[in-house]
1. In a helix (DSSP H, G or I) and touching a helix residue (DSSP H, G or I) at 6+ places or on another chain (Cβ under 7 Å): is that true of Ser184 in this structure?
2. Please verify whether Asp174 is assigned by TED's automatic domain parsing to the domain that holds Tyr109, within 26 Å of Asp112 (Cβ to Cβ) and touching a His at 6+ places or on another chain (Cβ under 6 Å), treating the condition exactly as stated.
3. Checking Lys90 against (1) in contact (Cβ under 8 Å) with a residue 40 or more places away in the chain; (2) among the basic types (Lys, Arg); (3) within 30 Å of Asn220 (Cα to Cα), which single condition isn't satisfied?
4. I'd like the residue in region 112-167 that is under 21 Å from Glu190 (Cα atoms) and hydrophobic (A, V, I, L, M, F, W, C) and, out of all such residues, is farthest from the chain's Cα centre (by Cα).
5. When you scan region 88-110, do you find a residue that is within 30 Å of Asp174 (Cα to Cα) and not aromatic (Phe, Trp, Tyr), even just one?
6. Of the conditions (1) more than 30 Å from Phe71 (Cβ to Cβ); (2) part of a helix (DSSP H, G or I), Arg207 satisfies every one except a single condition; which number is it?
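The values are calculated or read from the model by the stated rules, or taken from the named source; none is laboratory data. Given the structure is predicted, the values throughout are model-derived calculations rather than measurements. Note: ideal-geometry Cβ built from the backbone for every residue, glycine included; neighbour counts use all protein chains shown.
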Amino acid sequence: MKIVTAISFVLIFYFNSSVFSQISIKESLSKNEINEKILNMNTEKLNNVFENNVNSSITKSSKSPGLALLFSLILPGAGHYYIDRMDVGKYFLGVDAASWLGLASLNIYGNDVQKQSRVFSLEHAKTGNAEGKDDDYYANLGSYDNIYEYNNDKLTRGEYSLLYDVNKFYWDWDDLQNQKIYESQRKSSERIYNTRIVFGSLLVANRIISGISSFILAKNYNKKSSSVNIQPELLYKNDYSFDGIKINLSKNF
C-alpha cells in the first residue's frame, strides 16, 4: 500500500505540472476553473492507479467446496492444495503417506514370516509341494502330528468332506518341538497380517476427515473472497491547495 501511495503522489505532481503548462496558453480561463480542472484530473488519475494496483490484488476467485471434498477423498491434502491451505493439508498428506508405508511394511514382513514357516514345515514335516494347499492346511499342520492323526479325527467327527488325500497332502513331523516352532511362526505371521487393519482403517478415516476439513475451509475461503473496493479522494483547502488523500473502503458480500 505504501508503494501505491508513493506512485499516486508522483502522478499527482506530474499531472499538476502538465496542467499548469497548458494554463499559460489559455489565459481566458479563470483561476477557479483552472483549480477545478486540476482537481478533477488528479482525482481521475489517482482512481485509475488504485483500481489497477489494489483492487485486482484483493479480489479472489471462489473455490468449490464439493471439489475440495472430492480431491481430499482421492488424496488427503489435495483438497487443501486446491484452496491454498496446505498449511493444514500437509498433515493429512503426511498421515496418508505414513499409513501406506506402514501397510506395505506389514505386508512384506508378514509374507517373509509366513514363507519361513512353510519352508520350516517342508524341512521337518515333509509337506512337499505347496501347490493346492490353502491356509487351512497349514493351520492343521500345527494342530496334528501327521496326516493320519488328522484324518482319523475327521472320521470320528463324521466330517468326511474335510479328509485329505494322503499322497497329495502328506505331512509327518519329525519332532514335537519343531511342530511348536512352526506353529509359533505361523501364528506370528497371522498377527502381522491382522495388524494391517489398523493402517487400512487409518487410510479411510484420514480421507473422511480430510474431506470434511477441506469442505469447511473452502466455504470459509469463499466468505473471505468477496471483493473490497477502494475509492481514493483528493482533499483540497479553500484556496485549492493540496490538503491530503481520503480513502473510502467498501466491501461486497
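1. No.
2. Numbers: assigned by TED's automatic domain parsing to the domain that holds Tyr109: yes; within 26 Å of Asp112 (Cβ to Cβ): yes; touching a His at 6+ places or on another chain (Cβ under 6 Å): yes.
Yes.
3. Here Lys90 clears every test but (1).
4. Ala125
5. First pass over region 88-110, keeping only residues within 30 Å of Asp174 (Cα to Cα): 108-110.
Remaining after also requiring not aromatic (Phe, Trp, Tyr): 108, 110.
The answer is yes; a qualifying residue exists.
6. (1)
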